[in-house]
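**Student:** Here you go, one structure.
The values are calculated or read from the model by the stated rules, or taken from the named source; none is laboratory data. Note that this is a predicted model, so its numbers are computed, not measured. Cβ sites come from the backbone with ideal geometry, for glycine too, and all protein chains shown count toward neighbours. Just the protein is used for accessible areas: all its heavy atoms, side chains included, with ligands, DNA and RNA removed. Shrake-Rupley method; radii C 1.70, N 1.55, O 1.52, S 1.80 Å.
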Amino acid sequence: MTKTATRGIWKYERQIPEIMERNRITLGEGQTPLIKSTRIGPEVGLTNLYFKLESLNPTGSYKDRISALGVSLAKERGLTACIGTTSGNAGGSIAAYAARAGLNYHVYVQENIVASKLEPMIVHRASIVKVKGFGFNPEVGNRVFAKVLKNAQSRNLELLITAYAYAPEAMEAVKTIAYELTEEGAEDADVVFMPAGGGGLLTGIYRGYRDLLEDGAIRCLPKLVACQSTGCANIAKAWQLGLDKPVDGASTAMISGIQVPNPPDGVQALQALQHSGGFAEALPDADTWHWQEQLAVKEGIFCEPAGAIALAGAIQAAKEGRIGRNANVVCIVSGAGYKDVDRMGAMVKQLPDIPMIDADEL
Ligand SMILES: *Cc1c(COP(=O)(O)O)cnc(C)c1O
């Protein structure tokens with residue numbers, strides 16, 4: 001028995017689908033730090049602002065929790081391959097875990113996938129197909145999902161799309177974020193802000209908190225807040241209109257990872273907002289980029305734009321008076337900065353060139 005098979009998400013083996021220890025495929029996912037804001041919180045008037053660094057997972061996003069469990073489930077069932085779709089992070093993550101397990105991974109990707117998310121999948125030897133319009137056009141999205149479902153069934157492949165609607169067992173690994181937050185001292189978290197694309201992250205965290213409430217580990221659910229781009233605010237619009245399912249509409253969002261015009265877990269995500277007394281925030285991409293940069297400049301946290309939208313949402317909510325100054329606020333930093341090198345280049349380009357000198361000018 002290796003130690004890694006009992007730490008991270010595996011520490012909560014009783015709350016997630018059962019996997020024999022020899023079938024647990026792990027790269028050290030989970031058990032990510034919760035750290036307090038040193039500068040941004042005091043500056044914006046949030047005295048208890050915390051960041052959960054999911055960006056520190058093995059492939060740089062919280063998707064590693066899901067991939068670890070999903071690929072382990074495939075192993076447990078004796079399957080030889082996984083299949084799915086991705087906007088980038090799920091693919092890079094599943095490709096890594098599949099490589100470790102010796103399984104093939106067939107994946108359909110969005111047309112506009114950033115190279116820094118695509119290339120790791122190629123390196124891990126995933127079988128990749130790009131689909132035109134996928135990620136913008138909801139109709140194309142539906143057709144891709146239908147094709148993947150059909151292949152998964154007819155060829156007996158493990159279906160690994162990181163949404164409850166498609167891979168409910170693997171998604172249970174997301175609950176461990178709520179367990180960890182509670183153990184890390186955030187048992188009195190008042191509000192948890194997080195990005196919402198397909199809505200699976202929100203749904204998983206909600207389910208984790210519901211378990212904790214049932215077990216008496218917490219007294220009440222924290223308010224859960226879905227943060228979306230105004231360019232793809234299907235869940236946030238529905239929330240504002242009081243609807244129980246996401247509003248349809250194409251995506252013009254520029255933020256990779258949350259461009260999901262047909263959120264598969266949208267209905268459950270809306271229920272999670274309602275049951276937890278939470279709400280939704282739609283943020284202009286420029287705000288998210290601003291706070292991505294500020295996290296790097298003022299907190300030393302380098303995350304991808306989707307990882308910063310929770311903070312952008314918290315600050316907008318504070319301005320709107322939806323959260324109090326002393327509330328315990330957690331922002332889920334969902335993915336690492338190096339995931340999106342295009343955005344890193346854009347940040348660098350607006351800054352002065354670095355000087356280059358000869359050694360004798362020193
Ligand atoms: C997948 C992902 C999201 C969105 O999660 P959903 O479950 O689709 O809502 C947010 N941030 C990052 C970094 C992601 O990889």
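**Student:** Can you list residues whose amide H is under 5 Å from residue 223's amide H, if they're 5+ apart or on another chain and H is modeled 1.01 Å from N?
**Tutor:** Hits under the 5 Å cutoff: 191, 192.
**Student:** Express in nm, to one decimal, how much length is gained between residue 39 and residue 254 on full extension, taking 0.36 nm for each residue of separation and deducting their alpha carbon distance. Could you put the intermediate results ahead of the total?
**Tutor:** Values: separation 215, 0.36 × 215 = 77.40 nm, distance 2.74 nm.
Computed gain between residue 39 and residue 254 is 74.7 nm.
**Student:** For 124, 106, 275, what's the largest-to-smallest order of accessible area, 1.4 Å probe?
**Tutor:** 275, 124, 106
**Student:** Run the accessible area of region 288-362 with a 1.4 Å probe and give the carbon-and-sulfur part as a rounded percent. Mind showing how you got there, number by number?
**Tutor:** On the way: 2260 of 3950 Å².
Of all accessible area on region 288-362, carbon and sulfur atoms account for 57 percent.
**Student:** Given a Förster radius of 51 Å and the C-beta distance between residue 190 and residue 357 as r, what FRET efficiency does 1/(1 + (r/R0)^6) yield to the nearest 0.05?
**Tutor:** 0.50
**Student:** Using label points projected 7 Å from each Cα along Cα→Cβ, tell me how many nm separate residue 338 and residue 146, to one decimal.
**Tutor:** In this crude label model, residue 338 to residue 146 measures out at 4.1 nm.
**Student:** While we're looking at this one, here's another question. Mind putting a number on the dipole of region 115-245 about its Cα centre? Charges go on the C-beta only, +1 for Lys and Arg and -1 for Asp and Glu, and I need it in Debye to the nearest 20.
**Tutor:** 1080
**Student:** What length, rounded to one decimal in nm, is gained on full extension from residue 139 through to residue 22, with 0.36 nm per residue of separation minus their alpha-carbon distance?
**Tutor:** Difference between extended and current length: 38.0 nm.
**Student:** While we're here: Accessible area of residue 69, 1.4 Å probe, to the nearest 10 Å²?
**Tutor:** 0
**Student:** Protein chains only, probe 1.4 Å: how do 343, 65, 143, 39 rank by accessible area, largest first? Intermediate values should be presented prior to the final figure.
**Tutor:** Details: 343 40, 65 0, 143 160, 39 115 Å².
I get 143, 39, 343, 65, largest accessible area first.
**Student:** Shifting gears a bit: What's the longest uninterrupted piece of the chain once you rule out the GluC sites (Glu not before Pro) that are loop residues per DSSP with at most 11 other Cβ within 10 Å?
**Tutor:** Longest stretch, sites excluded: 19-319.
**Student:** If the cut-off is a Cα-Cα distance under 18 Å, which aspartates and glutamates reach residue 117, setting aside same-chain residues fewer than 8 apart in sequence?
**Tutor:** 54, 64, 304, 340, 342
**Student:** A further question on this structure: Quick one: length gained pulling residue 347 to residue 122 fully straight, 0.36 nm per residue minus the C-alpha distance?
**Tutor:** Full extension from residue 347 to residue 122 adds 78.4 nm.
**Student:** Round to the nearest 0.05 the FRET efficiency obtained for residue 274 and residue 6 when R0 = 45 Å and r is the Cβ-Cβ distance.
**Tutor:** On the way: r = 36 Å, r/R0 = 0.80.
Calculated value: 0.80.
**Student:** Could you compute how much accessible surface residue 302 exposes when probed at 1.4 Å, giving the result in Å² to the nearest 10?
**Tutor:** So the heavy atoms of residue 302 present about 80 Å² to solvent.
**Student:** Which peptide among 88-94, 234-240 comes first, and what is the full order, when sorted by highest mean count of other Cβ atoms within 10 Å?
**Tutor:** 88-94, 234-240
**Student:** Counting each DSSP H run of 4 or more residues in the chain as -39500 (n - 2.57), what helix-only mean residue ellipticity at 222 nm follows after dividing by all residues, to the nearest 500 deg cm²/dmol?
**Tutor:** Calculated from helices alone, the mean residue ellipticity at 222 nm is -11500 deg cm²/dmol.
**Student:** Name the long-range amide H neighbours of residue 82: under 5 Å, sequence gap of 5 or more, or other chain; modelled H, no Pro or chain starts.
**Tutor:** Close amide H contacts, sequence-distant or interchain: 104, 105, 106, 158.
**Student:** Between region 227-280 and region 118-192, what is the C-alpha centre distance in whole Å?
**Tutor:** Taking the Cα centre of each part, region 227-280 and region 118-192 sit 16 Å apart.
**Student:** Another question, if that's okay. List nothing, just return the count: lysine pairs in region 127-264, 8 or more apart or interchain, with Cα separation under 17 Å.
**Tutor:** 4
**Student:** Let me ask you something else. Stokes-Einstein D for the chain at 10 °C, 1.306 mPa s, Kirkwood Rh over Cα pairs, in µm²/s?
**Tutor:** Using the Kirkwood radius from Cα pairs, D works out to 78 µm²/s.
**Student:** Hey, another quick one. Is the shape of region 211-345 best called rounded, prolate or oblate, per the rule: a/c under 1.5 gives rounded, else a/b larger than b/c gives prolate, else oblate, with a ≥ b ≥ c the square roots of the Cα gyration tensor eigenvalues?
**Tutor:** On the way: a/c = 1.75, a/b = 1.20, b/c = 1.46.
Oblate shape, in that a/c is at least 1.5 and b/c is the bigger or equal ratio.
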